[in-house]
Amino acid sequence: MLKLTRKLEYALIALRHMQMKGDTLSSTKEISDMYTIPRELLAKTLQQMARLKYIDAVQGPKGGYRIDKVLAKINLTQFVEEMEGPLEMVECNINSDCIQINTCNIRMPINKINQNIRSIFNKINITDITG
């Protein structure tokens, strides 16, 4: 089953929250408490998004996070791949160690499905989700 990881869900929730607040800083605690997200996982996710320059991290007692990039220019494929790695339905498209790679009879149809999913994700901007 193709589904977003919790980490991606939390990242998108946090981005939407920050998008709604504009330039006002949002703390990990604030987002965690408001959406019942485990604080440690959210903190790691926010740190990763700051390293990727999706958000800006402001240090200090009154610090927090705010949107750094123009999210309308970032599609869902790019976001997923930067946060979690390649967007592939099957492992053989990422890792060629599969023992059936030369005899697999579903590889091409799965690749076609994967290309269609990537095409759809390419058409979805992060702002389509974060509003």
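The values are calculated or read from the model by the stated rules, or taken from the named source; none is laboratory data. Not measured: the values here are computed from a predicted model. Every residue, glycine among them, receives a Cβ derived from its backbone with ideal geometry; neighbour counts consider all protein chains shown. Side chains included, ligands, DNA and RNA excluded: accessible areas come from the protein's heavy atoms. Shrake-Rupley method; radii C 1.70, N 1.55, O 1.52, S 1.80 Å.
Here GLY131 clears all of (1) at pLDDT below 90; (2) open to solvent by less than 70 Å² (accessible area, probe 1.4 Å); (3) on the phi > 0 side of the Ramachandran plot except the condition numbered (2). The combined condition, being open to solvent by 50 Å² or more (accessible area, probe 1.4 Å), farther than 29 Å from LEU46 by Cα and either modelled with pLDDT of 95 or more or in a loop (DSSP other than H, G, I, E, B) (or both), is not fulfilled by GLN78.
Tell me which residues, restricted to the range 94-113, are closer than 28 Å to LYS44 by Cβ and either open to solvent by less than 50 Å² (accessible area, probe 1.4 Å) or of a type outside the set (S, T, N, Q) (or both). Working first, answer last.
Pass one, the range 94-113, residues closer than 28 Å to LYS44 by Cβ: 94-95.
ILE94, the sole residue that qualifies.
I'm checking my understanding of the structure. Among residues of the range 24-55 that are of a type in the set (Gly, Ala, Ser) and either touching a Ser or Thr at 6+ places or on another chain (Cβ under 6 Å) or crowded, with 16+ Cβ neighbours inside 10 Å (or both), which one is nearest to THR130 (Cα to Cα)? Give the derivation first.
Here is the first cut: in the range 24-55, the ones of a type in the set (Gly, Ala, Ser) are 26-27, 32, 43, 50.
After this cut, where a residue has to be either touching a Ser or Thr at 6+ places or on another chain (Cβ under 6 Å) or crowded, with 16+ Cβ neighbours inside 10 Å (or both) as well, the list is 26, 32, 43.
Numbers: SER26: 15, SER32: 17, ALA43: 19 Å.
Within the range 24-55, the match that is nearest to THR130 (Cα to Cα) is SER26.
Scan the range 56-75 for residues that are open to solvent by 10 Å² or more (accessible area, probe 1.4 Å) and either β-branched (Val, Ile, Thr) or in a helix (DSSP H, G or I) (or both) and the total you get is 5. Being β-branched (Val, Ile, Thr), under 20 Å from LYS7 (Cβ atoms), under 19 Å from the mean Cα position of the chain (by Cα) and assigned to a loop (DSSP other than H, G, I, E, B) is a property that ILE37 has.
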